[in-house]
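The numbers here are math on the coordinates, done by the rules we state, and not lab data. Since the model is a prediction, treat every value here as computed from it, not as a measurement. Note: ideal-geometry Cβ built from the backbone for every residue, glycine included; neighbour counts use all protein chains shown.
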Amino acid sequence: MSGLPGGGVPPVGVYTDLADLAGLRRLARRDAAEVLPEVARQFEALFLQSLIRAMREAAPTDSIFGGERGRLYQELFDRQLALTLSRGRGVGLAEALLEGLRRAAVPAQGAGRTAEEGKGGPRGSRGG
């Protein structure tokens with residue numbers, strides 16, 4: 001089961017939709033944990049976009065969409081393709097990122113308590 005369903009946060013569907021991204025930013029100010037799944041999806045989309053760009057650069061450049069306009073349309077298509085690929089289960093990067101962040105949050109919360117307890121804890125009682 002995927003850990004990505006993002007509660008009440010609507011996904012950003014088109015990479016050029018700045019209103020959706022601004023809404024995501026507003027929600028993050030109120031409750032960062034609620035928007036974390038969508039932010040992880042956005043990160044996955046950026047990673048996929050870099051991957052697609054690298055694959056395009058490695059491929060032969062003979063294209064029917066040659067020239068500057070062709071490159072522009074190809075870039076626009078690649079950005080949307082990356083965002084679309086990151087929807088649903090994506091490629092698993094967003095889910096792995098979320099899992100790692102959740103693991104890191106638990107010890108960080110416990111570390112604060114451990115440091116406070118360590119001041120007068122077992123070490124002090126051992127030494128007498």
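Straightening the chain between Ala96 and Leu81 buys 3.3 nm, computed as 0.36 nm per residue apart minus the Cα-Cα spacing.
Taking each residue as 0.36 nm, the span from Leu21 to Ala105 lengthens on full extension beyond its C-alpha to C-alpha distance by 27.8 nm. Going by neighbour counts of Cβ atoms within 10 Å, the residues Val39, Val91 line up, fewest first, as Val91, Val39. Listed by Cβ neighbour count within 10 Å, with the fewest neighbours leading, Thr84, Thr61 appear as Thr61, Thr84. Once divided by 2.2 N^0.38 Å, the Cα radius of gyration of region 21-98 becomes 1.34.
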